[in-house]
Amino acid sequence: MPVRQALEDQARLAAALEGLTCRQTALGIGDALILDFGELLPGPDGELAGAVVFVVECPWRIDNPDRPTVGWEDEEEDIAHLSSVLIGGAVDEVEIRRPGFDLTLQLSNGFRLRAFPDCRAYYDEELSGGALPWQFAGRDLPSTDEFG
């Protein structure tokens with residue numbers, strides 16, 4: 001499947017976030033930001049996971065209404081602490097701007113998460129085990145197979 005089609009499918013899934021509350025944040029491998037939305041339940045490994053999990057593996061930034069709060073190249077300790085401002089905020093709006101698939105989540109607590117896919121390969125190549133710049137997963141999402 002072309003990466004662009006996979007991103008279009010993920011963009012359709014993004015609508016499922018509206019109204020869900022961010023319940024926890026975490027850092028993944030290589031500056032990835034992981035957000036859990038909706039009810040937290042234990043997964044097969046015993047770790048709590050949200051109904052929808054959002055993973056951002058491209059450059060990202062969290063802004064408050066007045067200025068940037070934290071971004072993907074800040075110190076890990078700062079990211080771990082400052083990304084927690086998203087917890088408790090419900091997603092009011094999801095915006096995806098094409099052609100770059102820049103994504104913005106506006107939360108009810110006034111904070112905004114922005115993701116900026118920054119590599120041409122995200123748009124031109126086949127998806128073959130590589131990561132998307134951002135993606136959704138979770139027990140409360142439809143399968144992307146349903147999009148045809």
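The values are calculated or read from the model by the stated rules, or taken from the named source; none is laboratory data. Model, not experiment: these values are computed from the prediction. Methodologically, a virtual Cβ is constructed for each residue, glycine included, from the backbone with ideal geometry; neighbour enumeration extends over all protein chains shown.
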### Message
Can you report the number of residues in region 101-110 which are buried (at least 17 other Cβ atoms within 10 Å of the Cβ) and assigned to a loop (DSSP other than H, G, I, E, B)?
### Response
1
### Query
Pairs, please: C-beta under 6 Å, at least 6 apart or cross-chain, first residue among the hydroxyl-bearing types (Ser, Thr, Tyr) and in region 42-70, second assigned to a loop (DSSP other than H, G, I, E, B) and at pLDDT 90 or above?
none
### Task
Identify the single condition in (1) buried (at least 16 other Cβ atoms within 10 Å of the Cβ); (2) out of contact with any Lys or Arg (no Cβ under 7 Å at 6 or more places or on another chain); (3) at pLDDT below 95 that residue 23 does not satisfy, given that it satisfies every other one.
(3)
### Task
Among the numbered conditions (1) within 17 Å of residue 138 (Cβ to Cβ); (2) more than 11 Å from the chain's Cα centre (by Cα), tell me where residue 35 comes up short.
(2)
### Summary
How many residues of region 23-77 are under 20 Å from residue 13 (Cα atoms) and in a strand (DSSP E or B)? The answer is 15
